[in-house]
Structures are given as structure tokens and as C-alpha cells.
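The values are calculated or read from the model by the stated rules, or taken from the named source; none is laboratory data. Since we're looking at a predicted model, the values are computed, not measured. For neighbour counting, all protein chains shown are included, and Cβ atoms are generated from backbone atoms with ideal geometry for every residue, glycine included.
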Amino acid sequence: MTNAAETAATDELLFSVDEGGIARITLNRPQARNALTFAMYRGLVELCGRIEEDRAIKAVIIAGAGDKAFAAGTDIAQFRSFDKPEDALGYERFMDRVLGSLERLRVPTIAAIAGACTGGGAAIAAACDMRIASRDARFGIPIARTLGNCLSQNTLRRLANLIGAPRVKDILFTARLVGAEEALAIGLVNEMVEDAAAVAERATALAALLASHAPLTLQATKEGLRRIAEEGVAEAVADERPGDDLIVMTYMSEDFREGMEAFLAKRPPAFKGR
């Protein structure tokens, strides 16, 4: 496992893992409100691969450096070279890969959001499993009044799964920013706390709680819900049903046996993720 000292995937994307198996990814461009470069997006994909390989990692927190922004979207200057359809299609397919890598991580992901969370930043937050926001957080994808582009089907799906298609239309059509209280009320975030320091503290506490739970249960829950959201509930084929592999993975695991025995013995379980 990576040591507790913080290491940089790049200067603009920091990565660390603590002794409890909690990984932290920090979007580190505070001078640009943590707007993401293409290199940062590529770094996120690489970090997801590292996290998948490191079985000691139990949860991931993604945050922005400073207290002004989680991320203010993609660095717009990088779009200046777009001059043919392949540029646009390639970018959105690349973004689907980035966000899909986050969405498919086997471990829970928590977006720790302070300040602005817009554009690509909002898409990253939506791809995470849980979102904690500061009271001054603001969410939005104001492309209808800025760039005039659109979101991919997969990004629209994630947003619609969170808050429903009518609210997605409201936010995208009006190009407005949603405050933290409204975001909490409509289910865009799970929790609201006072400020950036409280976001960091609560995200760490929540990650520690999740890291103490059965890894395969969390993994199966994530993957099962992802499949339902992406594919719908398919009909059974012969004796096989969607998600049978996830059921077998958990029920046949050492962790299931340990959880059962620990419950019966009235002691805390010692889960190992296998």
C-alpha cells in the first residue's frame, strides 16, 4: 500500500493513502479554481487503475485544493483547437472513460465539495457514490449560457439518476447554479456541513466508516446499482438472472462467513475483502 505521505500523480493531481486504507485524490490547481486539464483527466484514469490494483484501499475521497472550488470544470482554453467533429466526439468519449473509471471503482468514492462545483467538476461529483458539501457550495453546468456544447448520454444518465430528468432540464436549460441547501433537498448531495474544514472532517469520518464495512458487500451494491441504472432490470435468461455473479461473490466469500460467525459470537467482524 502507498505510504501515508502524500505523493503527486502530477503537480496538479495529488494522491495519498493513509494507514486506514483511505485514498485521497486532490485536484490541485487552486489558482484556476481547480479547472481540470486533459492531463489531469488522464491522471484520474491512471489513479483509478492504481486503486483497483491496491486491495488495501477501502475508500476514496476526492477534493479540490483550497476552499474556493471543488472544480470549476474543464480548462476551456483546451477547446480552442477543436475544429472537426472528431475533436468533439473524441473529447466526450474520453470523458466517458474518465467518469466511467470513477463510477466503476470497486470501493466507495466520496466527493468532498467546498465552493464551486461546475461543469466537469459537477460531472466528477455525480460519478462519485456520495457527496458532502459546504454551505457555500454551488453546483451547475451552465453550458447553455457559456460554451453552447452538450453533455454525453452517460453524463446525463448519471445526473438524471441522481435528481430526475425534470430537474436536470431545469438546471441545464436555465444554466443556473444550485446552492447547497437546494442541492441537499433534491438529493444532489448527501450531506451539507458548515465550511471547507467541516467537509474534510466529515468526509474522513465517513470514509473511515465505509472502510470498516464488508468490502465485497459495498462492491456488489455499487456494481448492482450501476448495472440497473445503465441497463435496466433485464429479464432472467434460463436460470441466470442479472447480478447472480455478485450474489455468488458475496455469499461464497470468506467475509460472509466471518460476518455470520462474528454476528453469532457477538463480536466485531474482521473483513478482509475476500
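Assess whether Arg158 counts as being modelled with pLDDT under 95, crowded, with 18+ Cβ neighbours inside 10 Å and within 16 Å of the chain's Cα centre (by Cα). Spell out how you get there, then give the answer.
Values: modelled with pLDDT under 95: yes; crowded, with 18+ Cβ neighbours inside 10 Å: yes; within 16 Å of the chain's Cα centre (by Cα): yes.
Yes: the conditions hold for Arg158.
Give Phe70, Phe82 a once-over and let me know the one that is surrounded by 23 or more Cβ atoms within 10 Å (Cβ to Cβ), assigned by TED's automatic domain parsing to the domain that holds Thr204 and of a type in the set (Phe, Trp, Tyr). Give the steps one after another, and end with the answer.
Working: Phe82 fails: surrounded by 23 or more Cβ atoms within 10 Å (Cβ to Cβ).
Checking each option against the conditions leaves just Phe70.
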Return yes or no: is Ala63 within 18 Å of Gly115 (Cβ to Cβ) and aliphatic (A, V, I, L, M)? yes
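For region 40-49, indicate whether the set of residues that are acidic (Asp, Glu) and either closer than 21 Å to Thr204 by Cβ or in a strand (DSSP E or B) (or both) is non-empty.
No.
May I ask you to verify whether Phe139 is of a type outside the set (Asp, Glu) and crowded, with 19+ Cβ neighbours inside 10 Å?
Working: of a type outside the set (Asp, Glu): yes; crowded, with 19+ Cβ neighbours inside 10 Å: yes.
Criteria met by Phe139.
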Note down all Cβ pairs under 6 Å where the first residue falls in region 62-86 and is at pLDDT below 95, the second is in a strand (DSSP E or B) and surrounded by 12 or more Cβ atoms within 10 Å (Cβ to Cβ), and they're at least six residues apart or on different chains. Ala72/Ala116; Ala72/Thr118; Gly73/Thr118; Thr74/Leu36
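Applying the selection to region 68-109, what residues are of a type in the set (A, V, I, L, M, F, W, C) and in a helix (DSSP H, G or I)? Before you say what the answer is, go through the steps one by one.
Pass one, region 68-109, residues of a type in the set (A, V, I, L, M, F, W, C): 69-72, 76-77, 79, 82, 88-89, 94-95, 98-99, 102, 105, 107.
Ile76, Ala77, Phe79, Ala88, Leu89, Phe94, Met95, Val98, Leu99, Leu102, listed by residue number.
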So which residues in region 161-197 are assigned to a helix (DSSP H, G or I), surrounded by fewer than 16 Cβ atoms within 10 Å (Cβ to Cβ) and small (Gly, Ala, Ser), if there are any at all? Ala165, Ala185, Ala197
